[in-house]
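Read the structure below first, then the notes.
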Amino acid sequence: MIMTTNFEEEINQDFTKHVIVFEGDQIWHSSPSSGVSRIFLERNNLGEFATATSIVKFEAGSRFSSHIHENGEELFVLEGVFSDEFGDYPVGSYVRNPNGSIHNPFSEHGCKIFVKLRQFQFDDHKRVVKSINDNTWSKYTENCKIMNLHEHNDEYVYLLKCNDCVEFRLPSLRQRLQEILIFSGTVVDGTNEYTANTWIRNQGLCLTNPSIKNQPVLIYVKCSNHI
């Protein structure tokens, strides 16, 4: 279901609360571009110039008009291939477009992305393009690997990949805000189960005693005082 929303309100702007959003429970909202819809995870308003975190879906052949990134754009490709005039970014690609950059995004065959808008620190000007297929994974524990995606001041973004283990932990400084997105697999934390495209944000750790259910997991993690 896609809903058109044109009123102004805030979504998940109380950063003292533990927030959990399951993709399957959400409504897809239309965008100004035909064939592009969004799930709002957090947003300081519902206009088109919001500080926002969203899951965005491009239907095959759809595109978003050329736009400038005010205070940056960070995205992770969840499904399909996301493209712009600078290249194609298949599933598992991570891209940071800094403040002032401009592009014309589209998807030839359709895609789904996790995207954060207008959340860069003022002195963060680095463009980053990485992939889960890059040979830059490091050993974290015996059964987990970590890939550093970006670091700037107090901000730390990484991927954690865990195989063949029952329990694991997220490297994090507890005094920071943390947010995660389950990219693949199922994470069990206490009596809760989190499947792919579940988004969680918390002051401190998002997961207290996580374990893997049935298959390996891949998790996007961001820690910062500026989420």
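At-a-glance table
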{"item": "Dipole in debye (nearest 20) - the range 135-224, about Cα centre, beta carbon charges: Lys, Arg +1; Asp, Glu -1", "result": "40"}
{"item": "Summed side-chain charge close to I212 - residues other than I212 whose Cβ falls under 14 Å, Lys, Arg +1, Asp, Glu -1", "result": "-1"}
{"item": "Computed over the range 44-163, Kirkwood Rh from alpha-carbon pairs, angstrom", "result": "15.2"}
{"item": "Unit charges on C-beta of K, R, D, E only; dipole of the range 2-129, Debye", "result": "140"}
{"item": "Sites N148 and N44 - FRET efficiency at Förster radius 22 Å, r taken between beta-carbons, to 0.05", "result": "0.20"}
{"item": "Only Lys, Arg (+1) and Asp, Glu (-1) charged, at Cβ; the chain dipole about Cα centre in debye", "result": "420"}
{"item": "Which listed pairs, of K17/K116; K17/K139; K57/K139, have C-alpha distances above 29 Å, in listed order", "result": "K17/K139; K57/K139"}
{"item": "Candidates per chymotrypsin sites (Phe, Trp or Tyr not before Pro) in the range 96-134, loop by DSSP, up to 11 other Cβ within 10 Å", "result": "F122"}
{"item": "Mean Cβ count within 10 Å, highest first, over the residues of peptides 67-75, 147-155", "result": "67-75, 147-155"}
{"item": "Cysteines without a disulfide-compatible partner [the chain; Cβ-Cβ under 4.7 Å]", "result": "C111, C165, C206, C223"}
{"item": "For q = 0.11 Å⁻¹, Debye-computed log10 I/I(0) when each Cα of the chain counts as one equal scatterer", "result": "-0.53"}
{"item": "Length-normalised contact order for the chain - Cα pairs under 8 Å, 6+ apart - percent", "result": "17"}
{"item": "Relative contact order [Cα under 8 Å, 6+ residues apart], the range 135-224, whole percent", "result": "34"}
{"item": "Pairwise centroid distance, computed over Cα atoms, of the range 85-112 with the range 129-149, Å", "result": "21"}
{"item": "For the range 70-125: relative contact order, % (alpha-carbon pairs under 8 angstrom, 6 or more apart)", "result": "49"}
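Each reported figure results from applying straightforward, stated rules to the coordinates on display, with no laboratory input. Just so you know, these numbers come straight off a predicted model, no measurement behind them. Methodologically, a virtual Cβ is constructed for each residue, glycine included, from the backbone with ideal geometry; neighbour enumeration extends over all protein chains shown.
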